[in-house]
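Take a look at the structure below.
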């Protein structure tokens, strides 16, 4: 018996403004596609872990999200639960599924992210604690504070944030599923208005209705699968429960604690990673993670991304599907799905040749949570 | 409770160009202020053009009445030969 966990299937619904669909409806579609992609049947699924996005929330009255979705899917699982880690949640539920599979608690675990924030307007602009009295609303404000610190500490420029957005759009142009397929030029970036200065619209991720799902199973089932499986090489988490009053809260990410540790455990160096999928709610977070994971030295992410270096023709393509900035807001699950497609060789025009290793990150809440997943063929 | 001076410097700041709540119309400056004793807090820089705000700028507290409560906000420090005195109250933390 080989309980080693592996990713067997991936699937997603359409993403965009889908006014006639509910989050649960989209999640059922994503789940169905992932099960089909694995070559399994719905009866095989005996685990369900979910990451409901911020608009949907984990509770509807007293009904938790996993129960509402499980009922729609007709499941009576042996293992279930939902996670609230903000943008770190999708990678967190994959990790939880891996642990459940390897502990023998279930044999086929369905991991689902879904939300429909565009039909619950304003849900991403929420006030955060007492700071709302001073107008600190939404995720953009606190990430803009971090961006301003990076500019101050390391002479990072607005154009360097723009390079991250331009790279995302260049990748998305190669992805037929992406919401923003038009390329972005540096002049267009410069001329655009600020949302929360120093962040412009192109520095902020999309807001999308949609759902994405991944099937995790054990090596025992490998022979039953329709497509090549994806191996789990390593994973970890680190969190920073500091507040906006904590020293250094805006100057570093908890990724600096778990990223290098996970890579070291897998025996891989940053330069060994072929597919880099970094959670990109804002361009500044990509810069900070490039440093935290060791793809460049601390303080050097600005110059590192210049000249299209993380774009399709660069030395380190990042977020080959376009990411949250240009593909769709998929909670982080679309980052996992893109990594699996790259490792299977299914990424068509945006395929990284010979991709054998992938790194996926999740980042969430008030820069509080971080999750890391390393995948391989 | 410990008294603090009400003086500090801008640790980081952002300029909201979009109004999120009608009570707080854009543009406005949200800043992380580092008080003289090292404590950081989120507040606003007021009575000052947003363009001149910068990290390291010296600021002093002013208390602004908002919807029945007094909020500690900050303005650029005015350098005089007189000892610094707060105009509208004192801050304790």
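Taken together, the values in this text are just the output of simple stated rules run on the coordinates, not laboratory data. Values in this document were obtained by computation on a predicted structure and should not be read as measured data. Backbone-built Cβ (ideal geometry, glycine too); neighbour counts: all protein chains shown.
With the contact rule set at Cα under 8 Å and sequence spacing of 6 or more, what percent relative contact order holds for region B:7-76? Walk me through the numbers before you get to the answer.
Numbers: 138 pairs, mean separation 22.3, N = 70.
Relative contact order comes out at 32 percent.
Which whole number gives the average, over all residues in B:23-29, of C-beta atoms from other chains lying within 10 Å of the residue C-beta?
On the way: counts 2, 6, 1, 4, 2, 2, 3.
Rounded to a whole number, the mean comes out at 3.
What number, in percent, do you get for the relative contact order of chain A if the mean sequence gap of Cα pairs under 8 Å and at least 6 apart is divided by its residue count? Kindly include the intermediate steps, with their values, before the conclusion.
Working: 906 pairs, mean separation 96.3, N = 377.
Once normalised by length, the contact order is 26 percent.
From the P(r) of region A:128-204, could you give the percentage of C-alpha pairs in the tail past 18 Å? Let's see the in-between values first.
Details: 1421 of 2926 pairs.
Percent of Cα pairs beyond 18 Å in region A:128-204: 49.
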*Backbone N under 11 Å from the residue A:159 label point (7 Å along Cα→Cβ), restricted to region A:301-328*: A:306-307
*Considering every residue in B:59-67, what mean count of other chain Cβ atoms within 10 Å of its Cβ is obtained?*
0
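Considering only chain A, what is the antiparallel percent among its DSSP beta bridges, to the nearest 5?
Values: 40 of 54 bridges.
Of all bridge pairs located within chain A, approximately 75 percent are antiparallel.
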*Where does each of A:75, A:26, A:324 land when they are ranked from fewest to most other beta-carbon atoms within 10 angstrom?*
A:75, A:26, A:324
*Give me A:244, A:329 ranked fewest to most by other Cβ atoms within 10 Å of their Cβ, as a rough exposure proxy.*
A:244, A:329
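Report the FRET efficiency, 1/(1 + (r/R0)^6), for residue A:25 and residue A:348, where r is their Cβ-Cβ distance and R0 is 25 Å, rounded to 0.05.
Efficiency, from the Cβ-Cβ distance: 0.35.
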*List the relative contact order of region A:156-256 as a percent without decimals, with contacts defined as Cα pairs under 8 Å and 6+ residues apart.*
16 percent
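Sort A:369, A:157 so that the residue with the fewest other Cβ atoms within 10 Å of its own Cβ comes first and the one with the most comes last. Before the final figure, lay out the partial values.
Details: A:369 25, A:157 14.
Lowest count first: A:157, A:369.
Once you average over the residues of B:5-12, how many Cβ atoms of partner chains fall within 10 Å of each Cβ? Display every interim value, and only then the final one.
On the way: counts 0, 0, 0, 0, 0, 2, 7, 13.
Whole-number average of other-chain Cβ neighbours for B:5-12 is 3.
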_Spin-label pair residue B:47/residue B:21, simplified geometry with 7 Å Cα→Cβ offset, distance in nm_ = 2.3 nm
*Hey, what number do you get for chain A at 222 nm if only DSSP H runs of n ≥ 4 count, each worth -39500 (n - 2.57), divided across all residues, to the nearest 500?*
-9500 deg cm²/dmol
*Quick one: which of B:47-54, B:69-76 comes out on top by average Cβ neighbours within 10 Å, and what's the full order, highest first?*
B:69-76, B:47-54
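On full extension of the chain, what length is gained from residue A:227 through residue A:186, given 0.36 nm per residue of separation minus the C-alpha to C-alpha distance?
Working: separation 41, 0.36 × 41 = 14.76 nm, distance 4.03 nm.
The span from residue A:227 to residue A:186 would gain 10.7 nm if fully extended.
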*Please report how far the C-alpha centroid of region A:1-35 lies from that of region A:73-118, rounded to the nearest whole angstrom.*
11 Å
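Rounded, prolate or oblate: pick one for region B:7-76, where a ≥ b ≥ c are the square roots of the eigenvalues of its C-alpha gyration tensor, a/c under 1.5 means rounded, and failing that, prolate if a/b is larger than b/c, else oblate. Please report the intermediate quantities before stating the final value.
Details: a/c = 1.95, a/b = 1.27, b/c = 1.53.
Cα axes put region B:7-76 in the oblate bin.
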*Cα pair distances in the protein assembly as shown, grouped into 10 Å bins until the bin that holds the longest one, percent each*: 4, 21, 29, 24, 14, 6, 2, 0, 0
*asked:* What does DSSP give for region B:7-76 in terms of the percent of beta bridges that are antiparallel, rounded to the nearest 5?
replied: 95 percent
